[in-house]
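Worksheet: the structure to be examined is printed underneath.
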Amino acid sequence: MAQPPAASTSGNTTNVALNVPILCVAIGVALAVAAEHLTSPPASSTPATNSFFGQFPHVASFAIVLITAAYALFELIRQGRMAWQQPALAPGICRSASFAAFLLGLISVAVSDTRSQSLLSTSLGIGLCVLALIGFLAITFLGPTEMVNQKPMHDPGQVGPYPADYFRPYSGSLPVTYDPDMSGVEAPLAQRKPRIDPSTLPPLFETDPLYSIPRPKVARSFSMVKGNDNPIASDDACVISDDETYFALCDGASGSSLPRPWATLLGQQWLKWPFQEIDAETLALWLQEPRERWHRWIQETWKWKIDERNQLIGEKPLSADVFRRTLQTGASSTFLGLLLNRENNSWHAAAIGDTCLFIFRGDRSGTLRPRFSFPLDSSAGFSDRPPLLTSNGNNVSTLAPYFRFKSGHWRRGDVLLMATDALAQWLLSQFEQQQTTWNILPSLTDPRRFAELVEKERQSGHMVDDDTTLVVIPL
Amino acid sequence: MATWEPEDSYRKSWNRQHRGLLIFLLDQSGSMRQPVQIGNRQYTNGEMATLALNDLIVSVINNTPIDSQTGRLKDYCDLLVLGYGNQVTPLLDNRQGAPASIKDLAENPIGRRPVLVEKYDRVQGKKVQVQEMQPFWINYTADSTKTEMAKALQRAYRVVQDWLQADLRRRQSFPPIVINITDGAHNGEGDPIEAAKSIRRLYTDDGHVLLFSCHLTSNSTSHLVFPRDAQVISRNVSNADEREWAVNLFEMSSEIPATMAKRARESFNAGLPDGARGFIYNANPADLIDFLSWGTRPSQNFER
């Protein structure tokens, strides 16, 4: 008798939408098998199957198998259409499909075994299983691994003045055939009126783990969104381990697509896998899980939530253009990871981009003085194109050299600050101009005072109006 | 007229609180029917201008981040397209020429058409031409006998003024940008150079309004971007009429602000000359959009 494989093994390789019918089919098969054992124990000609109660498990399991098989078929067609529109999703969907086919093969084996002794249907089922397994393995090991869709700003290796061919007489897109009468479908910019005003609804993802805000006990974290927007609109993510020895602060790039979940995923990965140094190969491995999870989150959680919300307020579902662009451009984020060793009073930090770590130590009179900052040490070093970790599978090998590492020892009474770019730049220019407005930060406990300070400095133009996050770690 | 320390201006990014305004002016006069040979196909000058304009809109849309809460574009800027020939006509829709929000615009193109775009193929390691369906908003027309460029600029002036007054927060935004796409021939009423000057005199707290020009001609043998002085134009443009128009458009154009020049440098590893003007001759103006502040973004420089 064919045994249904444990459905949970499919979790890593298949798509959740398909996992549901797969799971149901597996349960149906299990029920069918169980029913057969219950209703026809060893002798095959007992009349138990004639009674209603004996018949029931059979009928029920058949119904489940049929319904779920129909649903699996429907899901397959739906996902197939999605794969057609989104080639990037195709390998995952094909994997799921072949796995589903494998299970359907198993069912037909199971069913043919119980109902009739037909050799044909049994061998057909086995054939289907084998084919599906071959397909599954082929996609997994021989299938595409990386999408080619990013256009670099200019050819690699191009340096010096404007590349001569960059501004050709007309470097824009040209129509394949230009039809001056082509009018398209007229769609006036009518202001659509949603049934419900979305601003009256609670913001989405407030309870999503990828949007969670840490509540450390010893350390303190403060955050202000650009333009004093809702905290959910922040692109900064801070992740702190429960014992407050691992810290990560990542500043999602506002110009990229959905950077907040990506920033959180990077922070979580630091907690799981901190590193002393990193080379290109290890970095590729390190990024693999966050990248997979980000793509899964976009496809399964984000799209679903947006569609649900849009349906509620009477808007159109998420446009295919936006969905495609989100996956194509991907998210980017800076990264600053900090690791404290409380046994020998040492710390280790890894950083890429312009999120900075500051160390303050008291002098003889007890006043805290900045000792150094890492990885940037001057306010002139900031730009809006820092090196970033990206969610899309571009060339990781060239990113690894932009990582910076630093280690050191702390003394009791030292204070570590982690700050995203706007605040870090402001702090550095404060030090450079010998100003002392910063000195409330190391002992800051009240979020309102943080908000006041940031607000005031933004108003006066000293601080860039950007998402601003501060983590204070007293030692 | 307000004055600024140069390093204090043009520093703002567009965001929901400090939205921006883009006005595109499109020459639709009969002179835009001049043929242009590109590759083995023939287009007219006006077709090229219309394409450039659609590309500009696509470029703005591609630069506007997606709002994770709504799944639509973030409401960062308003856009208005004015066509000019015998008269000045708003081209985007029938809302009497009020600027449209980029997020509404992105969702309502008048159609899509196949276009050839160049993409970098990582496998082949070179640029390849790919056919793509691209949305468009503007259709090509070039049937007027007049070119009322000065009127178009005056209209843009009023739009900018009204837009700034509509909401006090807009005073703190990056200043509005006007991009004029034309073959340069003006035969309407008024003086476009004066009209251009008055637009450039408008300002927000972050700087004066920027006016950039995109000069498209049927003389496609030479092209020029962001020149510093008119002499460069004289050297590069052989046709006497075109040279005069080009110099006029150059005079009308604003200098590229230092912050935009810095971004150009970071994008291309190349600097713009000091005092470079936002004047483009026979080239694609979509790059100008990339030089605006769109927030932190990955630079391809780090992935080479």
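We did not get these values from a lab; they are worked out from the coordinates using the rules stated. Note that the structure is a prediction, hence the values are computed from the model and not measured. Every residue, glycine as well, gets a Cβ built from its backbone with ideal geometry; the counts of neighbours run over all protein chains shown.
Some points to look at:
- For chain B, calculated [θ]222 nm from helices alone, where every DSSP H run of n ≥ 4 adds -39500 (n - 2.57): -9000 deg cm²/dmol
- Under the Karplus curve 6.51 cos²θ - 1.76 cosθ + 1.60, θ = phi - 60°, whole-Hz ³J(HN,Hα) for region B:280-290, x wherever Gly or Pro sits: 10, 10, 6, 9, 7, x, 4, 5, 4, 5, 5
- Beyond 32 Å in Cα-Cα separation lie the following of the pairs B:Lys127/B:Lys151; A:Lys226/A:Lys316; B:Lys103/B:Lys262: B:Lys127/B:Lys151.
- Within region A:314-463: Cβ-based charge dipole about Cα centre, in debye rounded to nearest 20 (Lys, Arg +1; Asp, Glu -1): 340
- Shielding by partners - mean other protein chain Cβ count within 10 Å, residues of B:128-140: 2
- Straight-line cross-link partners of B:Lys126 among the lysines, defined as a Cα under 18 Å from its Cα and at least 8 positions apart when in the same chain: A:Lys151.
- Cα-based Rg / Dmax (Å) for region A:209-474: 18.7, 65
- Across peptide A:378-388, the mean count of Cβ atoms from other chains lying within 10 Å of each residue's own Cβ comes to 4.
- For region B:214-265, trypsin sites (Lys or Arg not before Pro) meeting the loop criterion (DSSP other than H, G, I, E, B) and having at most 10 other Cβ atoms within 10 Å: none.
- Span from the region A:422-448 Cα centroid across to the region A:321-342 one, whole angstrom: 27
- Average beta carbon contacts from partner chains per residue of B:58-71, 10 Å cutoff: 6
- Rounded to the nearest Hz, the phi-derived 3J(HN,Hα) couplings of region A:422-428 under the Karplus curve 6.51 cos²θ - 1.76 cosθ + 1.60 (θ = phi - 60°) are 4, 6, 4, 5, 5, 4, 5, where x marks glycine and proline.
- Pairs beyond 31 Å (Cα-Cα), from A:Lys272/A:Lys303; A:Lys272/A:Lys305; A:Lys303/A:Lys456: A:Lys303/A:Lys456
- The amide H of B:Arg72, built 1.01 Å from its N in the peptide plane, has B:Asp67 as neighbours under 5 Å, considering only residues 5 or more places off or on other chains.
- Charge tally in the Cβ shell below 14 Å around B:Arg158, where Lys, Arg are +1 and Asp, Glu are -1, B:Arg158 excluded: +2
- Sequence of A:Lys217, A:Lys406, B:Lys74 once ranked by neighbouring C-beta atoms within 10 Å, starting from the fewest: A:Lys217, A:Lys406, B:Lys74
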